[in-house]
Amino acid sequence: MNKYIYRLTILTVTVVTHTPGEVASAQGTAADYARAAAYTDQFSNKVFRDRVSPNWFGDGRYFWYRVETAPGAHEFVLVDAEGGSRREAFDHADLARRLDRLTDEKVSRDSLPLSGLTFENDLSAVTFGVFGGRWRYGLEDTKLERLEDEPAGEAKFGKHVTFLPAVEPSRRADQRTTLKIHNNSNGSFEIFWVDDRGKEKTYGRVAAGEDFSIRTFENHAWVLRAPDRVVALRVNEEWPVVVIKDRGQHAEADRPTELAEQANEDNTLSPDGKWRVFARGYDLFVRPADASGGETRLTTDGESDDSYYEENVSWSPDSKKFFAYRLSKGLAREISIVESSPADQVLPKLHTYRHTKPGDEMPQRTVCLFDIEKMEATEIPSKLFAQQWKLDNFRWYPDSSAFTFRYNERGHQRLRVIEVDADRARPRVLIDEVSPTFISYKRKFFLHFDDDDREIVWMSERDGWNHLYLIDGRRGKVKNRITRGKWVVRNVEHVDKERREIWFSASGLIPGQDPYYLHLCRVNFDGSGMTVLTDGDGTHEWAFSPDRRYFVDSWSRVDEPPVTVLRDARTGKVVCRLERADASRLFATGWIAPEPLAAKGRDGETDIHGIIVRPSNFSTEKTYPVVEYIYAGPHSAFVPKAFGMNRILHEMAELGFVVVQIDGMGTSWRSKAFHDVCWGNLSDGGFPDRVRWIRAAAENVPQMDLSRVGIHGGSAGGQNAMSALLSFPDFYHVGVADCGCHDNRVDKAWWNELYMGYPVGPQYAKNSNVERAHLLKGKLFLIVGELDKNVDPSSTLQVVDALIKADKDFDLLVMPGVGHAAARTEYGRRRLMDFMVRNLHGVEPRRDAGKVPSSLAEADPVTVPSEP
């Protein structure tokens, strides 16, 4: 991706240098730039014993992990979960001496370069790879013997299957992609994203024979873990699909089309193996799978813009029926963008892609039920699901009596579960979720069928908080509340059908704690037995043992390094204390941890949470301009809660700023009322809360100079940054808007219709930065990549047009060859910093200190890659 950095065209529409009347001296200097550029090298890799990645064995009784103990040093730890003990996995010093004698390598006990560690279940020995060979070390007799040579040229990690020789951190990401995993093995894998610090975050599990798809970025790293296997990989555009084969074989990379063809072929074969459905032209046909008879045409109403597809076929378990749907194309809007400076030719290139915008006609699904004995099709009446945004979550009941699907109504104010009787082909509404504002179907959705008891676990905000309900699967009525209270269920981790228990993450349920901190909980189907399984004043991450009897729990805060323990999964009791992170080397450098702060919002009652970041040379004798880093997308909350480097914030702070980040009203994971502030009102951005919060912060940190306040953000944050200057010009003085979705009519359909409403009405114009551009008073810098396929670059250029017509001064940077998040490139990041220094410190930036690095995006890779 670095090729983009060196072929940039800068378009400047009017450059105005602003010098405040009074500024503090010696800020925004070459020394400040040097510290910002050196931030990663100076402060990274200074925290140890902060990560535990368990490798379970011995039927879930034992696990081992490798932990960094000091610069260039690590140790291997063995934990007996049943015994509640932790110890050195083996005699490191003895093994180092023996390897010294048997090889030509110099080996240290503190940095044993072992890979593919595997313990024998009786703890009699451990095997590993090192120095091109596979070795066995007896834990009782301390005998070391070489077993075999590692095959040359293979990326092998012992018995583990890998695409990388070890787990690696994610790198700077620009291009979006989708990682697809097809588990063709006989075991399940837990899926982890690896952040830029090498820390793993779980994103679910893919069971044997199942598929998993997740939005991510090129150059992001992922790890798939089973008790005895690890697949480490890095995503790129040419390799978006991973197929995990049977144990002992290597994983493979297949083209998406190959995986789709395999899935389609399996999908069309009836469960009893007698029939196969196929599409020809626009219609469906069926024939005996053994080719013993002729084909039968099942439909005649398919057309070029309203067709049947094989991948939409779903057979009943008894093989007597199947359903499929005819799919219309909708508007199929195409967007064209010009690549001005392609690497392989002199002339520009035209790129065209699909981009559905708010108000566009959406594809519609006509559901049909097919009776294979009668060889006839029946169209399901669509009155109950007529205004479609989408139909999905199709499934048959095991007894083949009916099938269900989810109906998301256009406008996202109604979400239904529809049941279709297989004998009468009649639909009925099983669950009808309605909201006067919007239903957050992307993040606050959970649907679990218990077919034996005909019950449904359902997630809803109907009482004003995100909770779980038990629904009677026959009548569609609520049997009982499962969770309740002024806190939110964040995610369902596991449903235990036999015990009738649900494991879930929650936030806001511990009085006195930050309401965004994550905790693990368990509750019975009937709402009894509610148990919080984690404690500690911080946000938690966890990883279960394969049998779910134990979990490794790590918690931290932005100002408190991680503590990691092993807990009993039934009671939450600490079984064994594993690690307390050592951050002494980090703090010894002068690094200052972010300061969490809660202050009252616009209503004078609701706590608004954010953090304050100071430069490492912060002085109480100086004053500092304030820079807010903003992303107020309603799909989540964004202020960091866990301990980390937060480079975007700290690098900016090193230039002589106090940097803040805040979650105002209109963002998610608080009450429904808190969230609803955004509805039809995205220009609000939570600014009435942000302004009050920053003023409260300045009372705590009087060195904050509120006569010099800047703001910057990208994508939805770009829209927010410009909106700040338009809506609160007397408070925000300088803004940088990167790839902003400045007019919600120009951006993608789903995100904007979800929060701005449907149909497209006057609220869209009212919230548009284009329509309000004439209000600009402060210093504005617009940045956009010409190849942005996430937010249409026209969104920024229409703002430019409006500003020119209003005779407003502003700066503009259009980056050739760059996609979304142009300000995250090295050049874009440096220009952003320069703009803040020039207009808040009133000095001309010094660039003789070297390059200012761009920071890897630290947002959720599943959520942000699919959001603006």
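The values are calculated or read from the model by the stated rules, or taken from the named source; none is laboratory data. Please read these numbers as outputs of a predicted model, since none were measured by experiment. Note that we place each Cβ from the backbone using ideal geometry, even for glycine, and neighbour counts take in every protein chain shown. Heads up: the accessible areas ignore ligands, DNA and RNA and are worked out on the full protein's heavy atoms, side chains in. Shrake-Rupley method; radii C 1.70, N 1.55, O 1.52, S 1.80 Å.
With the contact rule set at Cα under 8 Å and sequence spacing of 6 or more, what percent relative contact order holds for segment 747-848?
Relative contact order, segment 747-848: 26 percent.
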Q: Pick out, in residue order, every one of the trypsin sites (Lys or Arg not before Pro) in segment 409-471 that is DSSP loop and has at most 14 other C-beta atoms within 10 Å; say none if there are none.
A: Arg424, Arg454
Q | Residue list for segment 368-392, given a label point 7 angstrom along the Cα-to-Cβ vector of Thr296 and an amide N cut-off under 16 Å | A | 369-379
(Q) Straight-line reach from Lys374: which aspartates and glutamates fall under 16 Å, measuring Cα to Cα and dropping same-chain residues less than 8 apart? (A) Glu295, Asp318, Asp423
Q | Which of Ala96, Tyr39, Val799, positive extreme of dipole for the chain (C-beta unit charges) | A | Val799
(Q) Counting just the Cα atoms, what span does the chain cover along each of its three principal axes? Round to the nearest Å and put the largest first. (A) 87, 78, 63
Q. What length, rounded to one decimal in nm, is gained on full extension from Ala31 through to Asp318, with 0.36 nm per residue of separation minus their alpha-carbon distance?
A. 96.0 nm
Q.
Run the simple label-point estimate for Asp452 and Glu699 please: 7 Å along Cα→C-beta, distance reported in nm.
A. 5.8 nm
Q) For segment 543-615, rounded, prolate or oblate, judged on the Cα gyration tensor with a ≥ b ≥ c (square roots of eigenvalues), a/c < 1.5 rounded, else prolate if a/b > b/c? A) oblate
Q. Do any of Lys641/Lys766; Lys201/Lys600; Lys479/Lys641; Lys390/Lys444; Lys349/Lys808; Lys46/Lys444 go past 28 Å between their Cα atoms, and which?
A. Lys641/Lys766; Lys201/Lys600; Lys479/Lys641; Lys349/Lys808; Lys46/Lys444
Q: Return a whole-number percent for the relative contact order of the chain, with Cα pairs under 8 Å and 6 or more residues apart as the contact set.
A: 12 percent
Q) Given a cut-off of under 8 Å on Cα pairs at least six residues apart, what relative contact order in percent is computed for segment 676-816? A) 24 percent
Q) Distance from the Cα centre of segment 299-330 to that of segment 747-813, in angstrom? A) 40 Å
Q: With a ≥ b ≥ c taken as the square roots of the eigenvalues of the C-alpha gyration tensor of segment 764-837, please select rounded if a/c is under 1.5 and otherwise prolate if a/b is larger than b/c or oblate if it is not?
A: oblate
Q. What FRET efficiency would be calculated for the residue pair Arg333, Arg410, taking the C-beta separation as r and a Förster radius of 22 Å, to the nearest 0.05?
A. 0.85
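Of all beta bridges DSSP finds with both residues in the chain, what is the antiparallel percent, to the nearest 5?
Details: 170 of 199 bridges.
Antiparallel bridges make up about 85 percent of those DSSP assigns within the chain.
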Q | Among the listed pairs Lys329/Lys497; Lys320/Lys383; Lys486/Lys789; Lys321/Lys748, those beyond 31 Å (Cα-Cα) | A | Lys329/Lys497; Lys486/Lys789; Lys321/Lys748
Q | Label zone at Asn480 (point 7 Å along Cα-to-Cβ), backbone N below 16 Å, segment 451-472 | A | 453-458, 468-472
Q: On the protein heavy atoms, probe 1.4 angstrom, tell me the percent of accessible surface of segment 471-585 carried by carbon and sulfur.
A: 44 percent
Q | DSSP-assigned coil residues among trypsin sites (Lys or Arg not before Pro) in segment 569-642, each with at most 15 further Cβ atoms within 10 Å | A | Arg570, Lys573, Lys622
Q: Choose one of Met362, Ala583, Tyr516: the residue whose Cα lies farthest towards the positive end of the charge dipole of the chain (beta-carbon charges +1 Lys, Arg; -1 Asp, Glu; about the Cα centre).
A: Tyr516
Q: Leaving ligands, DNA and RNA out of it, work out the accessible area of Ser188 with a 1.4 Å probe and give it in Å² to the nearest 10.
A: 40 Å²
Q. Given the Cα-Cα distance of Asp421 and Ala207 and 0.36 nm per residue of separation, how much length would full extension add, in nm?
A. 74.1 nm
**Q.** Residue-averaged [θ]222 nm for the chain, counting only DSSP H segments that reach four residues, each worth -39500 (n - 2.57)
**A.** -4000 deg cm²/dmol
Q: Pop the C-beta distance of Ala765 and Lys622 into the FRET formula with R0 = 41 Å and round what comes out to the nearest 0.05.
A: 0.40
**Q.** Total charge dipole magnitude, segment 78-134, about the Cα centre, Cβ charges on Lys, Arg, Asp, Glu only, Debye to nearest 20
**A.** 200 debye
**Q.** Approximate spin-label separation Lys274-Arg87, in nm, with each point projected 7 Å along Cα-to-Cβ
**A.** 6.2 nm
(Q) Given the options Phe278, Ala289, Ile181, identify the residue whose Cα lies farthest towards the positive end of the charge dipole of the chain (+1 on Cβ of Lys, Arg; -1 on Cβ of Asp, Glu). (A) Ile181
Q: Take the alpha carbon atoms of segment 538-582, find their center, do the same for segment 433-502, and report the distance between the two centers in whole angstrom.
A: 27 Å
Q. If you place +1 on the Cβ of every Lys and Arg, -1 on the Cβ of every Asp and Glu, and leave all else neutral, what size is the dipole of the chain about its Cα centre, to the nearest 20 Debye?
A. 1340 debye
